[in-house]
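Reading through the structure tokens given below for one structure.
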Amino acid sequence: MGAFKLELRCPQKVHGIVVDPECNWSFESLSSELHSLEKKLHDSCSVPVPFTKAQSRVFWNRKGVKRSPGAFVMSLSNEETELSESESEEDHDLRMVTAKRFNCDDLYMSDSDSSDYELAFDPQSYLMGEVGLVESAFFERSHEHHLQVQEDIRNQLSAIETELMTEQEKYASAFARIEKYREARKELERKLDTQYQRKIAEALDNHLTAIQREHELKSQIEERRIRSDAAHEEAKRKERAFHEERLRQERARAEAEAKLRIEETKMAALEAERREAKEAGEKEASEASKRIAAAPSQQEAAKPQLIADSSNLNLQRGSGSNRTKKSQTTGDVVRAAQTALTLEQGRLLKLKELEEANRTLIMNSNMDFSNHERHISRLIRQIRGVKENVRVKASELVKILKNPSCPQTISVAAFAKKVVSHCESPDNAVFACGHVIVLVTSQVPQAMDLILAEFHRACIYTVPKHVVYSKSFFESKEAYYKDIGHREDDGKLESEKDYLKRLESYMKLYGALVQTEVQGVPNIHGPKEGWAWLARFLNVLPANMYTAVALNAFLQTAGFALFRKYKSQFTKMLLIILNDFLKALREREDSELNPIILEIQSYIEDNKFRQEPEGRSLQGQLLSSRVYSY
């Protein structure tokens, strides 16, 4: 017979004992229960049970060698077993049958050698004795029951182990969740701590900012108080200077009136001499006509000669006066608004009085003031279109004008002359010069009239005024050219091209002056005066080459600011120029006028007055809105 394997199923109860352990037992409870189960089976069974603890049997092979217990060998003889008739006689021989071990490799056992279950679950070998068939069947039945109990116990242990592993997994999962929750709580606490620290930092920063703002406010209040005191002192000083200047002007006016009375007396004496000479000439002519009746032509020749002498006397007397007095007696020659002529006359008179006072002062003084004049000239030449440069130069010029070591009349006259004549320089920055003039005159107001007088003296179109050529008024063309401002060099007058170039330079500087606006700094001669100049120009002056060049130069520098200030009113002015002034220029049918006509027309039609002229904005930041204190 080959190897065979027995599969037995035992009942749920043996002798009233439940063999199925509870699932929720611990290992110690299970061991105790198995021990009691073994004891009950031993007590209730009359046949020895293999669960009983006994000394292991010793097995010997045929050669007398001791072998360890293992798989047992079952011996079957002819006397103990009834064979069927189909079996052969060789089958009656002794057969060796090898049984399989009952391994419980997956069963967890105690490490103690004294455990009652160590021998019960270890593979054992049994040698069947010579017993009867009933006892053999009972033994086999008991053995099957034993195997079933082992299998059930193994299953229960496996279930318990699985449950333990499940519980361990649950515990590990719970522990992982606890760790995750702990990390989450730590992260939350860290975020809350960060937020709290950020709030503390923000509160501290706000507190420090408030303190700093409070200190700044206090410093500003203190600075305002200091400025107020300084402004009060400056106002007192200006008031004293104003009173002194007014007294000086009154003295100068009194001196001028005295000189004027002297001149009037001289003029009256000359007029009396002229009348006497005329009466004497007429008397002599009448006597000559009586004496020489045959020569009437000589008598007629004598009278025109006397009239010519009288006219020459009037011309010589007129040449000693300024052009304004001359224009007042020759309305057909000088074209200008009466208000403009009045302003020009007042400004030129101030300049003349100042120059006479300076000559007297220089003659009576042993000091040399030329160094101050050269310093002023050098500072003006260094003016550039940079904000810091303009501020520094204006500050230094004001310091020179207020320097007590040099009389203010001399330094102011030098400044007015140098700053106006500087426009002829090739590197002149007209807008920067305009800013310097405004900043200086805001601190020295009396300098503005002198600057405008220098403008009127250098270029009559800054009045605005135009002188018409008349043969009956001017002796020659050269006299006319000198009267309108042509320069003479070595007895030769400059060309018309050079004169127009200088005229354009002066008008550009004048336009830059009237359009200059600095926040917090008043412009005594600002856009309002520029608007008045344009109105007087278009109402009175004729259209010719000189007036066209002057108008174009003025619009190039002042047009943008006038448009921003007067908007539609300024555009109406431009329409008048386009429709009337340019039309009058075209009617002259002079080809030399075509370039200037096209330039003015392009300026108006292309809306160039809406574009800020180059150089108007100083480089860097705009000038500060604060009032400059020097």
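Below is a table of values for the structure above.
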{"read-out": "Any hit, the stretch 530-547, residues being under 33 Å from the mean Cα position of the chain (by Cα) and over 18 Å from Leu343 (Cβ atoms)", "value": "no"}
{"read-out": "Elements of type helices (runs of 4 or more DSSP H) contained in the stretch 445-520, each with 2 or more residues being more than 30 Å from Phe242 (Cβ to Cβ) and open to solvent by less than 30 Å² (accessible area, probe 1.4 Å)", "value": "477-484, 496-515"}
{"read-out": "Pairs, first at negative phi and in contact (Cβ under 8 Å) with a residue 40 or more places away in the chain in the stretch 581-606, second open to solvent by less than 100 Å² (accessible area, probe 1.4 Å) and of a type in the set (Val, Ile, Thr), C-beta under 6 Å, six or more apart", "value": "Leu585/Ile597"}
{"read-out": "Qualifying residue in the stretch 429-443 (condition: in contact with a Gly (Cβ under 9 Å, 6 or more places away or on another chain), open to solvent by 10 Å² or more (accessible area, probe 1.4 Å) and over 30 Å from Glu388 (Cβ atoms))", "value": "no"}
{"read-out": "Matching residues, the stretch 176-206, being among the hydrophobic types (A, V, I, L, M, F, W, C) and under 34 Å from the mean Cα position of the chain (by Cα)", "value": "Ile200, Ala201, Ala203, Leu204"}
{"read-out": "Flag if Ser591 is of a type outside the set (A, V, I, L, M, F, W, C) and surrounded by 13 or more Cβ atoms within 10 Å (Cβ to Cβ)", "value": "no"}
{"read-out": "Scan of the stretch 410-427 for residues that are of a type outside the set (Lys, Arg) and open to solvent by 30 Å² or more (accessible area, probe 1.4 Å), ordered by number", "value": "Ser421, Glu424, Ser425, Pro426, Asp427"}
{"read-out": "Set Val386, Val334: member being touching a strand residue (DSSP E or B) at 6+ places or on another chain (Cβ under 6 Å), open to solvent by 50 Å² or more (accessible area, probe 1.4 Å) and not acidic (Asp, Glu)", "value": "Val386"}
{"read-out": "Top-ranked residue in the stretch 569-589 [being basic (Lys, Arg) and in a helix (DSSP H, G or I); ranked as farthest from Gly530 (Cα to Cα)]", "value": "Arg586"}
{"read-out": "Every residue from the stretch 526-542 that is surrounded by fewer than 21 Cβ atoms within 10 Å (Cβ to Cβ) and of a type outside the set (Phe, Trp, Tyr)", "value": "Gly526, Pro527, Lys528, Glu529, Ala532, Ala535, Arg536, Leu538, Asn539, Val540, Pro542"}
{"read-out": "Neighbours by Cβ (under 7 Å, 6+ apart or cross-chain): first from the stretch 228-243, aliphatic (A, V, I, L, M); second open to solvent by 80 Å² or more (accessible area, probe 1.4 Å)", "value": "Ala230/Ser629"}
{"read-out": "Residue list for the stretch 388-408, filter: more than 17 Å from Asn358 (Cα to Cα) and either aliphatic (A, V, I, L, M) or touching a helix residue (DSSP H, G or I) at 6+ places or on another chain (Cβ under 9 Å) (or both)", "value": "Asn389, Val390, Arg391, Val392, Lys393, Ala394, Ser395, Glu396, Leu397, Val398"}
{"read-out": "So Thr462, is it in contact (Cβ under 8 Å) with a residue 24 or more places away in the chain and in contact with a Leu (Cβ under 9 Å, 6 or more places away or on another chain)", "value": "yes"}
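The values are calculated or read from the model by the stated rules, or taken from the named source; none is laboratory data. On a predicted model such as this, the values are computed, not experimentally measured, just so you know. Counting neighbours? That spans all protein chains shown, and the Cβs are built from the backbone with ideal geometry, glycine included. All accessible areas refer to the heavy atoms of the entire protein, side chains included, with ligands and DNA or RNA removed. Shrake-Rupley method; radii C 1.70, N 1.55, O 1.52, S 1.80 Å.
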